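Everything below concerns the one structure shown next.
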C-alpha cells in the first residue's frame, strides 16, 4: 500500500498495540533501530547467534534474494522482529528508504509468495512534489547521485512504534525538508507529522537562517532522552554554500527544542560524517565532527569535534576540539569525515573517552570531560588531548569497536585492529587484513565476546573477516551498483545491503 497523507491517531494507537503484541514474542531477537546499532556508534551487534566464523564461507553463505525499490538506498536498513501487520500476519521486517522519497517495509526473511511485494510502501511525492534533481542540487561529481530525496539512515522508537524519516523534495521551485513520523506496522503518517524543517541561529547579534537548498541530511538520525536530532552537511563537494546544522525536536510532539550552526557567517564546515549518525554519551551529551571550512576559536568549527548539551528548549555548545594543523587539513581536504565513537567506560586516568578520525588518518582519543579546544602553540602533535596516533589509517571509514578493540579500514590498504587497554590505544595493530578495495563503515557481528565477524563493503562486494585475526572468510560476487557511501547491516543471521535499485539480502544457504 502507498500512504500519502496524514492519518488519524487511531491508526497509530492500533499500530502501537500490534507492535507491542509482536514484541512480546520477539525476546530472542534484537532490533536494529539506529545507524550502527546504538548511539555510541560502535558498529557492533553482539547478539548475533546464527552467523559465525565457522559457517560463513563461499560454500555456505551467499545471496538469498533481492527486493526492487524505486531509487537508490543510501541510508542503512533497520530491522524489527515479530511485528504484526494488519491483514498480513506477523513478520520480521526490514525498513529502507530511497532517494525517490519512498519508505519500504519488507519481510526480512523471504521474497516469495505474498512476501514478494512490500508489506507496505509510503511515498512522500504528493501534490506535484519531486525529489531534488541533481542539476539543481549540484555537486553531482562528488557522489554520482541523480537526485536527492531521503539520504540519511532513519531511526525507530520501538516502544512507541514510530519510524522517523527526513525527506527532501522540490516543490513549486522551492527546496523543502520535512520530518515524517510513520507507524512501523502500517506506514501511515502519525498525526503530529509531517512538519517543515526550518531554523535560525543567533550569535553576536546576527541571525543566520537555515537555507535548505544546499544542505543535505546525510548523517543518520538519532533519538536520545526523548529528543530527535537531525544534522545537515554538504552534497559531497565543497560549494561554499552550506553550513553545518544540528536541530533537535521533542520526539513525541515534534516541537523544536534547539538549533546549532557550526559555521555562522561562513561555509563548508558541513556535518556529513560519511553518512554516520551523531553520537551520544551516557549523560545524553551529543557529539559530531565537521568537514572543511574556516576555523575561528569558539565560533567557527571547520575540521572539529563538537559537544552539545540539550537543556529543555535549547541546544548549547558545551565543548569542542580542533587539531593544531586545522589549516593544513582545510587546504588539503583532510577533514574529520567520520562519526565520533563513544567508548565504553575505561579503567585508567580518563575513564570516559571518545575516538575521532579524519581523512589524514590520525586517530584522536579525547576526554569526554574536556575535549581540549585548540592548541595554538602546538606544531607537531596535539598535546591537549589524551592520545593522538598520527597517520594510523588514512581514509579509513567509520571506526568500529568490539572486545577492547578499535577497528579501522582504508582505501586500497588493510583493515586493522588496535587494542585499547586502560584507555590507551596500542601504537601498532595486533591484526591486519590483506589489502582490500575501497570501502567504509564496517560493522561487527558477534555472540557476546565470541564469534566475531567484521563485515565491510569492499569495492562492489561484501567481505567478511574473522574479527580476531582479520583473515578473510568470504567475498561475494559483484553486487548491483552501489550508491555513494552505501551501508550494510547484520541482523538475525542476515546481511542487508542497499543498492541503486534494490535491497540485497545475504545469509546462510
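Of the strands (runs of 3 or more DSSP E) that lie entirely inside the range 294-372, those containing 1 or more residues that are at pLDDT 95 or above and closer than 13 Å to residue 269 by Cβ span 305-311, 314-322. Can you tell me which residue in the range 382-402 is farthest from the chain's Cα centre (by Cα), limited to those that are in a loop (DSSP other than H, G, I, E, B) and within 22 Å of residue 457 (Cα to Cα)? Once the filter is applied, the top-ranked residue is 392. For the range 250-284, name all the residues that are out of contact with any strand residue (DSSP E or B) (no Cβ under 8 Å at 6 or more places or on another chain) and closer than 16 Å to residue 294 by Cα. Residues satisfying the conditions are 267, 268. Taking the criterion of being surrounded by 21 or more Cβ atoms within 10 Å (Cβ to Cβ) and in a loop (DSSP other than H, G, I, E, B), the residues of the range 486-499 that qualify are 486, 487, 492. Within the range 190-199, one or more residues are buried (at least 21 other Cβ atoms within 10 Å of the Cβ) and in contact with a helix residue (DSSP H, G or I) (Cβ under 6 Å, 6 or more places away or on another chain). Cβ-Cβ distances below 9 Å connect the following pairs, each with a first residue in the range 458-471 that is closer than 18 Å to residue 399 by Cβ, a second residue that is at pLDDT below 95 and surrounded by fewer than 19 Cβ atoms within 10 Å (Cβ to Cβ), and a separation of six or more residues or different chains: 458/437; 458/438; 463/437; 470/414; 470/434.
When each of 87, 71 is tested for being over 29 Å from residue 130 (Cα atoms) and out of contact with any helix residue (DSSP H, G or I) (no Cβ under 9 Å at 6 or more places or on another chain), the lone residue that passes is 87. Within the span defined as the range 425-440, every residue fails to be closer than 13 Å to residue 43 by Cα, in contact with a helix residue (DSSP H, G or I) (Cβ under 7 Å, 6 or more places away or on another chain), surrounded by 23 or more Cβ atoms within 10 Å (Cβ to Cβ) and at pLDDT below 95.
Filtering the range 403-419 to residues that are part of a loop (DSSP other than H, G, I, E, B) and buried (at least 23 other Cβ atoms within 10 Å of the Cβ) leaves 409, 415. Checked against (1) surrounded by fewer than 24 Cβ atoms within 10 Å (Cβ to Cβ); (2) in a strand (DSSP E or B), residue 182 passes all but condition (1).
If you filter the range 362-383 down to residues that are without any contact (Cβ under 8 Å) to a residue 40 or more places away in the chain and surrounded by 15 or more Cβ atoms within 10 Å (Cβ to Cβ), you find that the one that is farthest from residue 418 (Cα to Cα) is 367.
Matching residues to (1) under 14 Å from residue 194 (Cβ atoms); (2) in a loop (DSSP other than H, G, I, E, B):
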residue: 122; (1), (2): yes, no
residue: 126; (1), (2): yes, yes
residue: 136; (1), (2): no, no
residue: 142; (1), (2): no, no
residue: 145; (1), (2): no, yes
residue: 152; (1), (2): no, yes
residue: 165; (1), (2): yes, no
residue: 168; (1), (2): yes, no
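The values are calculated or read from the model by the stated rules, or taken from the named source; none is laboratory data. All of these numbers come straight from a predicted model, not from anything done at the bench. FYI the Cβ positions are ideal-geometry reconstructions off the backbone, even for glycines, and counts take in every protein chain you see.
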